[in-house]
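Only one structure is covered here, and it is reproduced in the block below.
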Amino acid sequence: MSDTFWIEQEFTKQDYSQNILPKGDYENCRFVNCLFSKGFLDNQNFVECTFEDCDLTNANISHTIFNNVTFERCKMVGLQFETCGQLLLSLKFVGCNLSVASFSGMNIPQTQFEDCKMHQADFTETNLKKAKFSNCNMDNAIFTNTNLEQTDLISAFNFNIDPSINRIKKAKFSKDGLIGLLKKYDIVVT
């Protein structure tokens, strides 16, 4: 059980990399310009919260619940999302740096990623059915045994997805993005 409960609170310019965010339940809270880098966000419960312009690089999010949580313009490099609580998991990312983040083995269908930098993000064995990647830079992102059925990748770019080892039925790509499905063949398209 959690120690405390916060509802509709705003936390601004706090440094939680050294001083740990108190364990508890946070509902309809906003975290603005907060520093969580290499800090401990484990065993927390966030419901309908928003993180704006926060740095969560390499934070520990083990067993943390993110239920209907939005991250806007956050730096989330190296975050291990597969360690967070999977119950009621619902995430949205807007303008975030998710480079080297890992979603390996997660069940996150219909998740929205907008204007995100996702270099080397790991989606191995992830269920992304009906997810949407709008204007996302996916340079060297890892897709292996990933469910991308009905996923919208129309405006995503720099991805490399092998159709022979991923499920892509009815996934949406732009004509320019089709090259990302052919990279393994080392062909030249002009």
Exercise. In this structure, is Ile154 touching a strand residue (DSSP E or B) at 6+ places or on another chain (Cβ under 7 Å), closer than 24 Å to Ile61 by Cα and not hydroxyl-bearing (Ser, Thr, Tyr)?
Worked result: no
For this session: Among the residues of segment 1-27, count how many are loosely packed, with under 12 Cβ neighbours inside 10 Å, at pLDDT 95 or above and within 21 Å of Asn60 (Cβ to Cβ).
Result: 0
Seminar exercise, completed: Subset of segment 101-129, residues surrounded by fewer than 20 Cβ atoms within 10 Å (Cβ to Cβ), among the polar types (S, T, N, Q) and either touching a Cys at 6+ places or on another chain (Cβ under 9 Å) or outside any strand (DSSP E or B) (or both), comes to Ser104, Gln110, Gln120, Thr124
Exercise. Restricting attention to segment 53-64, does a residue exist that is out of contact with any helix residue (DSSP H, G or I) (no Cβ under 9 Å at 6 or more places or on another chain), surrounded by 18 or more Cβ atoms within 10 Å (Cβ to Cβ) and farther than 23 Å from Thr124 by Cβ?
Worked result: yes
For this session: Working carefully through the options Asn67, Asn145, Asn140, find the one that is closer than 20 Å to Glu52 by Cα, without any contact (Cβ under 8 Å) to a residue 40 or more places away in the chain, more than 10 Å from the chain's Cα centre (by Cα) and surrounded by fewer than 17 Cβ atoms within 10 Å (Cβ to Cβ).
Result: Asn67
Exercise. Restricted to segment 78-100, and to residues that are in a loop (DSSP other than H, G, I, E, B) and touching a Lys or Arg at 6+ places or on another chain (Cβ under 9 Å), which residue is farthest from Thr111 (Cα to Cα)?
Worked result: Ser99
Problem set entry | Residue among Leu87, Leu91, Leu79 that alone is farther than 17 Å from Asn28 by Cα and buried (at least 18 other Cβ atoms within 10 Å of the Cβ) | Leu79
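Yes/no per residue for (1) at pLDDT 95 or above; (2) in contact with a Lys or Arg (Cβ under 8 Å, 6 or more places away or on another chain):
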site	(1), (2)
Phe113	yes, yes
Met118	yes, no
Cys136	yes, yes
Asn140	yes, no
Glu149	yes, yes
Ile154	yes, yes
Gly177	no, no
For this session: For segment 107-125, state whether one or more residues are in contact with an Asp or Glu (Cβ under 7 Å, 6 or more places away or on another chain), more than 30 Å from Asp42 (Cβ to Cβ) and not polar (S, T, N, Q).
Result: no
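The values are calculated or read from the model by the stated rules, or taken from the named source; none is laboratory data. Quantities reported herein were computed from a predicted structural model and do not represent experimental measurements. Positions of Cβ are backbone-derived with ideal geometry, glycine not excepted, and every protein chain shown enters the neighbour counts.
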